[in-house]
Each structure stands twice: as structure tokens, then as C-alpha cells.
Amino acid sequence: MGRVMILAILGMVPFLSASLADASPFPRFRTPAKRYGAAYSIKVSVFRNGVEFVAPMWVRPDQKESTLDPGQMAFMGWTYKDQRADEVMLSGQRFGKRQFKNSRSDWAVKPEYPENCCMGVIGQDFLSDYRLRCDPKAPVHIEWTHLDGGKHSDAKNAGEFQSKIRPLFSVKSEVVKIGAQHYDLGSTPFTLDFQTREIRFEKEPMALRQGIAQPIIRFYFSGSDRDLSVREVKTRDHEKARNLGLTEGARVTELNGSPVSGMNYYEIESLLRGKKGKSLEIGFLKDSKRMEKSKVIFDFEKNEFIEPGTLQSPSRRN
């Protein structure tokens with residue numbers, strides 16, 4: 001029987017968890033995943049006329065329908081005009097016949113291998129019968145527990161539930177805001193129950209650190225490759241920053257001597273908000289092509305940028 005395969009970013013072999021299956025009267029399984037920021041990508045097998053197509057797919061609970069990208073599927077050898085599947089399998093579990101929406105599925109910033117990622121999105125038409133537990137700890141995985149077909153809770157809270165789950169799967173950041181609380185999804189497993197419309201976090205919310213209202217720099221941070229770049233200097237002292245080389249597009253590599261590659265979005269934002277009476281040393285590449293390194297200091301007390309070495313005491317740094 002013919003088989004069409006691609007080299008997917010999720011190179012792990014799907015496996016079942018016997019211990020999980022034995023613990024519940026309802027079918028339960030686990031699938032390996034790949035994380036980009038807080039978002040999860042998994043590998044799904046789609047069968048048509050006896051041919052298997054293996055596609056990486058995003059898990060996106062705030063999307064009602066599941067989709068397949070027609071352009072990406074054609075690249076794999078899919079010759080059909082519609083996106084109907086005779087069988088869908090995930091980690092050995094059969095989902096039966098499914099009709100996918102024919103739509104582009106690169107709904108978020110593309111990861112490092114766009115030709116191998118974003119070929120589909122799994123939405124609530126797949127997810128609503130399962131309780132999902134998303135665990136970011138290595139090996140990253142999603143646990144699926146089949147629900148007993150009970151009714152959803154009161155429809156009055158449906159809109160509130162939708163607004164809560166939307167930020168849970170962001171490729172831009174691991175730190176998300178749910179209501180008034182912040183959670184670091186890079187270290188916090190959480191469970192989504194679609195029948196009761198509940199979200200349960202396994203760690204307490206992060207304590208907010210008091211600082212200025214807005215970060216001194218409007219920035220872009222890629223959760224997948226830990227790249228931090230300047231989009232705009234927000235303070236009134238932006239001309240001084242420009243004179244010191246900190247301009248739009250500059251790549252920031254260090255904050256107070258620590259590499260940003262080891263930080264999450266919330267840590268970076270907190271440092272850039274700072275505290276009165278403190279200062280922040282920003283290390284950046286003045287010229288990315290020539291890897292020309294430079295540094296600048298922002299004094300939160302005086303609300304201005306200064307050159308390194310002009311502070312009287314390093315203890316005033318954040």
C-alpha cells in the first residue's frame with residue numbers, strides 16, 4: 001500500500017501511556033508535542049484511499065473547526081479538491097471519518113521550518129470530547145482523556161471561556177494573562193475541560209512586579225528562538241537612544257549582563273519596566289551583520305539613556 005510521508009519537525013514516534021489508560025475507565029492517551037512560546041504542535045495521520053499523510057498540526061482550542069492547508073497538503077502529494085479524511089489517527093487513537101475545513105492554517109508566526117509546520121489546525125470539533133492536559137516539561141506532551149459525552153455547562157459562560165483559552169496558545173510568549181493573573185506556561189502544566197469549561201493551572205500565578213506603566217522599549221520576542229529585537233524606543237529620551245545606536249531593528253542580546261536567550265517574555269518585560277532609582281544595562285548588536293556589540297544604560301530615576309561607565313555605583317542597577 002502506498003504511503004506518502006514527510007520529514008516533520010516532530011520526529012518522535014507516537015506512543016500510548018499504559019499507566020494512564022489503566023487509571024481511567026475512559027480511553028486516555030498521550031501524544032508528544034513541540035512547543036513554540038506557549039503553543040503546542042503535534043503530529044497527525046490523515047488517511048485517504050489507503051494512503052497515509054502525516055502532517056504537523058497546531059492545537060488551537062479557540063478555533064471551532066479543524067483545518068488543513070491545501071497548499072501544504074498538495075506539497076505532500078494530496079491530489080483531492082476537498083479535505084475529507086477516511087480516517088484520522090493520533091498516537092494510535094482513531095478519530096474516524098472527518099471533514100476538515102479547506103483553509104490556510106498558518107494562523108500565527110511561523111516557526112523555524114515553515115514548510116514542515118502549520119499544515120493543519122485542530123479545533124474544538126476534535127477537542128470538545130476530550131479533557132486536555134498540556135505539560136511543558138520534557139518530554140513535552142499532551143494528555144487526552146475521553147469524556148463521557150455529558151452536556152456542557154451553562155452557555156452563559158461560553159464567551160468568558162473562549163476569551164480565557166485564546167491566550168493559552170500564543171507562539172509569541174510563554175507568559176500569558178488570564179483575567180487579572182499572569183502564568184508562565186513554560187513551566188506550568190494546565191488542564192482544559194471543555195464540558196465544564198474550566199481551566200486548571202498546576203502552579204500559582206506569577207507575582208507582578210511593580211514598575212513603570214509601560215516598558216521603555218516596544219519589542220518583539222520570539223519564544224521559539226529567543227530572539228529579542230527593538231520595534232520602537234518608547235521613552236521621551238528616544239533621540240539619545242538613537243545617538244547611542246539603540247534603534248529600531250537592533251537585536252538585544254543581554255539585559256543587566258544576562259543573556260535574553262535564558263529569559264521568558266515576562267522577565268524581559270519586567271526588566272524593561274524597571275523601578276525608580278534603578279538602572280538597566282542593555283547589551284545589543286549595533287550591526288547584526290558584522291556582529292558589532294554595544295551597550296547602553298537606562299536610568300529609571302532620571303528617565304534617560306546614558307553611556308556605560310557614567311553611573312556612580314553599579315548597585316543602582318536592577
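Nothing in this text is a laboratory measurement; each read-out follows from the coordinates by a stated rule. What you see is a predicted model, and the numbers here were worked out from it, not measured in a lab. Virtual Cβ from ideal backbone geometry, glycine too; neighbours counted across all protein chains shown.
For the ranges 295-305, 193-203, what's the packing order if you count other beta-carbon atoms within 10 Å of each residue, average per peptide, and put the highest first?
Values: 295-305: 17.8, 193-203: 15.2.
Descending packing order for the listed peptides: 295-305, 193-203.
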> Net charge near residue 49, counting Lys/Arg +1 and Asp/Glu -1 over other residues with Cβ under 11 Å of its Cβ?
Replying inline: -1
>> Just to check I understand the Karplus step: with θ = phi - 60° and J = 6.51 cos²θ - 1.76 cosθ + 1.60, what whole-Hz values come out for region 139-148, glycine and proline as x?
In response: x, 4, 7, 10, 9, 10, 10, 6, 8, 8
